[in-house]
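Written out below as structure tokens is the structure these notes cover.
The values are calculated or read from the model by the stated rules, or taken from the named source; none is laboratory data. No experiment lies behind these values; they were computed from the predicted model shown. Using ideal geometry, Cβ is built from the backbone for each residue, glycine included, and neighbour counts are taken over all protein chains shown.
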Amino acid sequence: MEKRLIYLDNNSTTPTDPRVVDTMLPYFFQHHGNAASRSHPFGWVAEEAVDYAREQVASLLDVDSKEIIFTSGATESDNLALKGVFEMYSRKGNHIITTKTEHKAVLDSCTRIEKMGGEVTYLDVKEDGLVDLAELEAAIKPTTILVSIMWANNETGVIQDMKAIGQICEKHGVLLMSDATQAVGKIPVHPKEVGVHLLAFTAHKMYGPKGVGALYVCRKNPRVKVTAQMDGGGHERGMRSGTLNVPGIVGFGKAAEIAKNEMAQDAERLSRLRDRLEIALRGNLEEVYINGNTEHRMPHVTNLSFKHVEGEGLMMTFNQNIAVSSGSACTSASLEPSYVLVALGLGDDLAHSSIRFSLGRFTSEEDVDFAVQAITAGVNHMRDLSPIWEMYKEGIDVNSIVWESH
Ligand SMILES: *Cc1c(COP(=O)(O)O)cnc(C)c1O
């Protein structure tokens, strides 16, 4: 095989746009000041750069720049939103509602909250990955202080109906938080329009640098407050202390500006490439299934199950050339199927046979065509070696076989 290395794992992290890198560089040496140093020009320049970046990020979301709290990434933003609301609103109640398909940053924060005396409801999702709105509404009770539902799923790209969810929360006077890490910068995300009060996101999933993120916290109607999880110095309006990562924040701002200008054309191009990938693979191969809702889905993502092929093994056939993620997670010794795909009702076999392809700004048509060839060859190779595939082709009902457990 021709020697190439193609990156189709943009949901894990995106390359930093060279325009972003260029904007950051002066802030490492020339303008290296601490944005909190009020007494000299080094500090003033740094503070001005942070203010400008805050405007750029706020403008992408169509919110006020005072509503943007810079953090170290979406994991921290999720922690701050969930634990911060839990602590701040403890007199109102202790109940939080979320879903089973959230990112670990949300789920693990919820586990911690349960240990701190909170009560958490984990909603199932429908087969297509969408939240059942009636179920959500039924789960709200007088002690509910927060609903936390991700804007777009990192594994499937499924986009929730945030507007409808916002209306339900509004009706019951409950705060709504959304982990929008996979959506911000790629599709329009305007929290105020849909009634989202807290919104977590990160630079490195939108062509900015790693290690910098943000939390939008609504300041008006309602005025939302979160208890700081990091004390010391009172930066970021007291909600997140710590010296600001000035070069990172400057890069985040630039990434937001580029996203705002180029999002529509990127999305258009990427959805065409994504469809090209899907159509080619499903044309070349039998028994390929798309996981999750295909209408309400991020333009650059597809999650496919290749029936009777083990995803990790399949990946091994081409991972010298193509970077993707499989629907299995290596936890210590065993291979666990993705909890997101299991929540969609996929059996272990289909979950284990899944691969997530996430395209990005720097993915070309040639990249996609090369990937199609390599993946087609890989699947055919795996199926040629597979007794299960042989049985399936002979018409034996593979599901009727009782396997030895080990
Ligand atoms: C990547 C990701 C995170 C974590 O973001 P970091 O900035 O790496 O901490 C959280 N939520 C979702 C949905 C993600 O995709």
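When VAL63, VAL57 are screened for being within 16 Å of the ligand (Cβ to nearest atom) and either under 13 Å from ILE249 (Cβ atoms) or touching a Phe, Trp or Tyr at 6+ places or on another chain (Cβ under 9 Å) (or both), only VAL57 passes.
With respect to the conditions (1) part of a helix (DSSP H, G or I); (2) at pLDDT 95 or above, LEU350 lacks only one, and its number is (2).
Please go through segment 195-237 and give me each residue that is of a type in the set (Gly, Ala, Ser) and farther than 19 Å from SER90 by Cα, ordered by number.
Taking segment 195-237 first, the residues of a type in the set (Gly, Ala, Ser) are 195, 200, 203, 208, 211, 213-214, 228, 232-234.
Answer for segment 195-237, where residues must be of a type in the set (Gly, Ala, Ser) and farther than 19 Å from SER90 by Cα: GLY195, ALA200, ALA203, GLY208, GLY211, GLY213, ALA214, GLY232, GLY233, GLY234.
Comparison of ASN245, ASN291 shows that the only residue that is of a type in the set (S, T, N, Q), crowded, with 20+ Cβ neighbours inside 10 Å, farther than 24 Å from GLU366 by Cα and within 16 Å of the ligand (Cβ to nearest atom) is ASN245. Kindly establish whether GLU268 is farther than 15 Å from GLY360 by Cα and either modelled with pLDDT of 95 or more or surrounded by 17 or more Cβ atoms within 10 Å (Cβ to Cβ) (or both). Against the criterion (farther than 15 Å from GLY360 by Cα and either modelled with pLDDT of 95 or more or surrounded by 17 or more Cβ atoms within 10 Å (Cβ to Cβ) (or both)), GLU268 does not qualify. For segment 129-146, what are the residues that are away from the ligand (no atom under 16 Å from the Cβ) and surrounded by 24 or more Cβ atoms within 10 Å (Cβ to Cβ)? Scanning segment 129-146 gives a single hit, LEU146.
Just one of (1) free of Cβ contacts under 8 Å to residues at least 60 places away in the same chain; (2) surrounded by 20 or more Cβ atoms within 10 Å (Cβ to Cβ); (3) over 24 Å from ALA351 (Cβ atoms) fails for ASN79. It is (1).
Test LEU304 against the stated conditions and say whether it is buried (at least 17 other Cβ atoms within 10 Å of the Cβ) and part of a strand (DSSP E or B). Write out each step before concluding.
Working: buried (at least 17 other Cβ atoms within 10 Å of the Cβ): yes; part of a strand (DSSP E or B): yes.
Taking the combined requirement at face value, the residue satisfies it.
Candidates ASP22, ASP51: the one that is closer than 19 Å to PHE201 by Cα and charged (D, E, K, R) is ASP51.
Return yes or no: is ILE97 within 21 Å of the chain's Cα centre (by Cα) and not small (Gly, Ala, Ser)? Give the derivation first.
Working: within 21 Å of the chain's Cα centre (by Cα): yes; not small (Gly, Ala, Ser): yes.
So ILE97 passes the test.
Check segment 217-230 and report whether any residue there is within 16 Å of the ligand (Cβ to nearest atom) and buried (at least 24 other Cβ atoms within 10 Å of the Cβ). Within segment 217-230, not a single residue is within 16 Å of the ligand (Cβ to nearest atom) and buried (at least 24 other Cβ atoms within 10 Å of the Cβ). Selection of segment 162-186 for residues being surrounded by fewer than 20 Cβ atoms within 10 Å (Cβ to Cβ) and within 22 Å of GLY360 (Cβ to Cβ) yields an empty set.
Evaluated against (1) surrounded by fewer than 17 Cβ atoms within 10 Å (Cβ to Cβ); (2) more than 14 Å from the ligand (Cβ to nearest atom), SER12 falls short on exactly one condition, (2). Of everything listed in (1) more than 19 Å from LEU175 (Cβ to Cβ); (2) within 16 Å of the ligand (Cβ to nearest atom), the single unmet condition for SER109 is (1).
Note on segment 266-301: residues that are more than 15 Å from GLN373 (Cβ to Cβ), part of a loop (DSSP other than H, G, I, E, B) and among the aliphatic types (A, V, I, L, M) total 1. So which residues in segment 8-24 are assigned to a helix (DSSP H, G or I), of a type outside the set (Val, Ile, Thr) and touching a residue at least 24 places away in the same chain (Cβ under 8 Å), if there are any at all? ARG19, MET24 - these are the residues of segment 8-24 that are assigned to a helix (DSSP H, G or I), of a type outside the set (Val, Ile, Thr) and touching a residue at least 24 places away in the same chain (Cβ under 8 Å). Scanning segment 202-211 for residues that are near the ligand (Cβ under 8 Å from one of its atoms), buried (at least 24 other Cβ atoms within 10 Å of the Cβ) and not in a helix (DSSP H, G or I) turns up just one, THR202. Looking only at segment 190-201, residues that are over 19 Å from SER72 (Cβ atoms) and either near the ligand (Cβ under 10 Å from one of its atoms) or surrounded by fewer than 24 Cβ atoms within 10 Å (Cβ to Cβ) (or both) come to 5 in all.
For every residue, the table says whether it meets (1) out of contact with any Gly (no Cβ under 6 Å at 6 or more places or on another chain); (2) under 19 Å from LEU344 (Cβ atoms).
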position: GLY129; (1), (2): no, yes
position: VAL147; (1), (2): yes, no
position: ASN154; (1), (2): yes, yes
position: GLY157; (1), (2): yes, yes
position: ILE168; (1), (2): yes, no
position: LYS171; (1), (2): yes, no
position: MET177; (1), (2): yes, no
position: GLY195; (1), (2): no, no
position: ALA200; (1), (2): yes, no
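Has segment 325-343 got any residue that is modelled with pLDDT of 95 or more and either closer than 17 Å to ARG276 by Cα or in a loop (DSSP other than H, G, I, E, B) (or both)? Scanning segment 325-343 turns up no residue that is modelled with pLDDT of 95 or more and either closer than 17 Å to ARG276 by Cα or in a loop (DSSP other than H, G, I, E, B) (or both).
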